[in-house]
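Scroll down for the structure; my scribbles are underneath it.
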């Protein structure tokens, strides 16, 4: 029997597609869905124009490249979705009072809008630290990376015993509440425990109240000392969790945390001060002590003193290498070192494969010899 030929208007639909795989770098994507999670939190879902398999390690993040008020702005966000749903990825953003990017996304990002993203990168993930028993601890919007991990373990039917403790301000601030309930109802090895700081009139609540403390931790997870712990949330929350675990004698090699967002003002001030010090040192040292950094794409070069970053050297030449965090976290400022020796002190914003290939993060890399940079 002869197979009928599909109509002309459906031929393209059935044509084979060459699907690409996501690798760390710059990619153009478009928004395909906006989900209202809570009154001040939204999830933005993205896909590529041509099919791309968005493989990443649950817990990693991307950096958005945006134009706000006619200036380029970079900001890093954890991927909240799971690589088990590979043709798209999502970020979940809380509207922060005075937050330039979070408010812009809430007010302007709609279905169909296009933007560029950099990544994925990050050392905080559950793939590199496999365990039979895990404890997820999260506060506020810090739930996003551990939710990605939970979704991955749920979707892959992993034989992992999961205890998930999430802290929120009030019942209306619990992000992903329905999905978490669904997971807990479907899996015998998924224990869900929610803690709210305060109650609100008219909102029923049957969970814990107050803050996560030693008594609640012992009650909820009496075997926490045996678990691999993944923690993310506001700095005060993580500081309290870390102190609690250390006081109980927890093996901190089994503790992993993540926290990033807008670069703190103190970090900006420190960076400015370091740049000024580096310039003063460059003015004071002998010519023989200087090293030359050349940027091949622009045909420009500059002499720098020891301790000056590649990014700072580029800025002196009016070459603006994109960056978001300035702390070696986001991976945005990656450049290729063609010749020369460097020293990099990053915070997880670059993969081992990129390092082996000669890439560095310019914001946290200094020259140890003359350099030739592909930029």
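The values are calculated or read from the model by the stated rules, or taken from the named source; none is laboratory data. Quick caveat: nothing in here was measured; it's all calculated off a predicted structure. Heads up, the Cβs are rebuilt from the backbone with ideal geometry, glycines too, and the neighbour counts pull from every protein chain shown.
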Subject >> Contacts under 8 angstrom Cβ, first residue in region 212-232 being on the phi > 0 side of the Ramachandran plot and in contact (Cβ under 8 Å) with a residue 24 or more places away in the chain, partner surrounded by fewer than 20 Cβ atoms within 10 Å (Cβ to Cβ) and part of a helix (DSSP H, G or I), 6 or more apart >> reply: none
Original post:
How about region 41-60: which of its residues are farther than 20 Å from residue 74 by Cβ, out of contact with any helix residue (DSSP H, G or I) (no Cβ under 8 Å at 6 or more places or on another chain) and part of a loop (DSSP other than H, G, I, E, B)?
Top reply: 49, 50, 51, 55, 57
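Determine whether residue 97 is closer than 23 Å to residue 64 by Cβ, assigned by TED's automatic domain parsing to the domain that holds residue 43, at pLDDT below 95 and touching a strand residue (DSSP E or B) at 6+ places or on another chain (Cβ under 6 Å).
Here the answer is no, as residue 97 does not meet what is asked.
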Original post:
With region 226-316 as the region, which strands (runs of 3 or more DSSP E) entirely inside it contain at least 1 residues that are at pLDDT below 95 and surrounded by 14 or more Cβ atoms within 10 Å (Cβ to Cβ)?
Top reply: 255-258, 291-295, 300-304
Original post:
Just one of 165, 195 is more than 24 Å from residue 130 (Cα to Cα), surrounded by 13 or more Cβ atoms within 10 Å (Cβ to Cβ) and assigned by TED's automatic domain parsing to the domain that holds residue 234; which is it?
Top reply: 195
Subject >> Flag if residue 109 is surrounded by fewer than 17 Cβ atoms within 10 Å (Cβ to Cβ), farther than 30 Å from residue 156 by Cα and touching a residue at least 40 places away in the same chain (Cβ under 8 Å) >> reply: no
**OP:** Identify, by number, the condition in (1) assigned to a helix (DSSP H, G or I); (2) within 24 Å of the chain's Cα centre (by Cα); (3) closer than 20 Å to residue 39 by Cβ that residue 166 doesn't meet.
**Re:** (1)
**OP:** For region 335-375, enumerate the residues that are within 21 Å of residue 291 (Cα to Cα), surrounded by 15 or more Cβ atoms within 10 Å (Cβ to Cβ) and in contact (Cβ under 8 Å) with a residue 60 or more places away in the chain.
**Re:** 366, 367, 370, 371, 372, 373, 375
